[in-house]
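A.B. asks: Here's a structure for you.
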Amino acid sequence: MLKKSLLIGLLSVAAFISATAQKVYSTKTASVKFYSKTPAEDIEATNSQVDSKLTDKGQMRFNLLIKGFRFDNELMQDHFNSKDWMDSDTYPKAGFVGTITNIANINFAKDGTYPATVSGVLTIRGIAQKMQATGSVVVAKGKISSKSVFKLKVKDFGIKGKDIGTSIANELEITVISKYD
C-alpha cells in the first residue's frame with residue numbers, strides 16, 4: 001500500500017512539473033538604449049551586454065552593468081558614471097523583473113508580431129520603482145525577439161545631476177531589444 005501511495009505521489013508531482021514547465025528564452029547580448037531630448041542637446045547611449053530572459057509564461061527580466069553604456073562623447077560617459085548621476089561604483093547594476101500581462105495573446109509557436117504590455121519593477125541606483133511598458137514579441141521561424149519602451153523620470157531613481165531639465169531631460173526613454181537564443 002505504501003509503495004502504491006508513493007508511486008501515485010511521484011506521478012502526481014511529475015504531472016504537476018510537466019504541466020507547469022515553461023520554455024525559457026535567453027540572451028546575453030540584448031541591448032538597452034536610453035535617449036534624452038532637450039533643447040540644449042540630444043543624448044543617447046547603448047549597452048549591448050545585457051542579460052535577458054523571457055519565458056513562454058510571460059516572465060521577463062533583464063540585468064546589466066551600468067558601466068556597459070557607451071556614448072559617442074567620452075566625457076559624457078565619465079559624467080554618466082559619476083556620483084551625481086549613476087554612481088556606478090556604488091551601484092554597478094540595474095535590472096528589471098516583470099511579466100507580460102497579456103501573455104495569453106502571444107503564440108510562441110506561430111510566426112507573427114504580437115503587441116505586449118510589460119509590468120514589473122525596475123531597479124536603478126538601488127531604488128526599485130514599479131514600471132509599465134509597451135512593446136512587442138516577434139516570433140519568426142522559431143526564433144523569439146522582444147522590444148519594449150519605458151519612460152522613466154530620472155529623479156525617481158535618486159539621480160541629482162545639476163543639468164537635469166536643461167542638458168538632460170527630466171524623463172528618459174529606455175528601449176530594450178532582445179533577440180533570444
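A.B. asks: Looking only at the stretch 136-175, which residues are on the phi > 0 side of the Ramachandran plot and in contact with a strand residue (DSSP E or B) (Cβ under 6 Å, 6 or more places away or on another chain)?
C.D. replies: Matches in the stretch 136-175: 158 only.
A.B. asks: What about residue 16, is it aromatic (Phe, Trp, Tyr) and either modelled with pLDDT of 90 or more or touching a Phe, Trp or Tyr at 6+ places or on another chain (Cβ under 6 Å) (or both)?
C.D. replies: no
A.B. asks: I've got another one for you. So in the stretch 32-44, with the set limited to residues that are out of contact with any helix residue (DSSP H, G or I) (no Cβ under 9 Å at 6 or more places or on another chain) and within 12 Å of residue 166 (Cβ to Cβ), which one is surrounded by the most Cβ atoms within 10 Å (Cβ to Cβ)?
C.D. replies: 38
A.B. asks: Something else about it: Which members of the stretch 36-82 meet the condition of being farther than 25 Å from residue 119 by Cβ and in a loop (DSSP other than H, G, I, E, B)?
C.D. replies: Those that are farther than 25 Å from residue 119 by Cβ and in a loop (DSSP other than H, G, I, E, B): 38, 39, 40, 41, 71, 72, 73, 82.
A.B. asks: Among the candidates 60, 86, 76, single out the residue that is in contact with a Lys or Arg (Cβ under 9 Å, 6 or more places away or on another chain), of a type in the set (A, V, I, L, M, F, W, C) and at pLDDT below 95.
C.D. replies: 86
A.B. asks: On the basis of being modelled with pLDDT of 95 or more, hydroxyl-bearing (Ser, Thr, Tyr), buried (at least 16 other Cβ atoms within 10 Å of the Cβ) and farther than 18 Å from residue 98 by Cβ, does residue 29 make the cut?
C.D. replies: Considered against the rule, which asks whether it is modelled with pLDDT of 95 or more, hydroxyl-bearing (Ser, Thr, Tyr), buried (at least 16 other Cβ atoms within 10 Å of the Cβ) and farther than 18 Å from residue 98 by Cβ, residue 29 comes out as no.
A.B. asks: Out of all the residues in the stretch 148-160, which are surrounded by fewer than 18 Cβ atoms within 10 Å (Cβ to Cβ) and either over 23 Å from residue 121 (Cα atoms) or of a type outside the set (D, E, K, R) (or both)?
C.D. replies: 149, 158
The values are calculated or read from the model by the stated rules, or taken from the named source; none is laboratory data. No experiment lies behind these values; they were computed from the predicted model shown. Please note: Cβ atoms are built from the backbone with ideal geometry, for glycine as well, and neighbour counts cover all protein chains shown.
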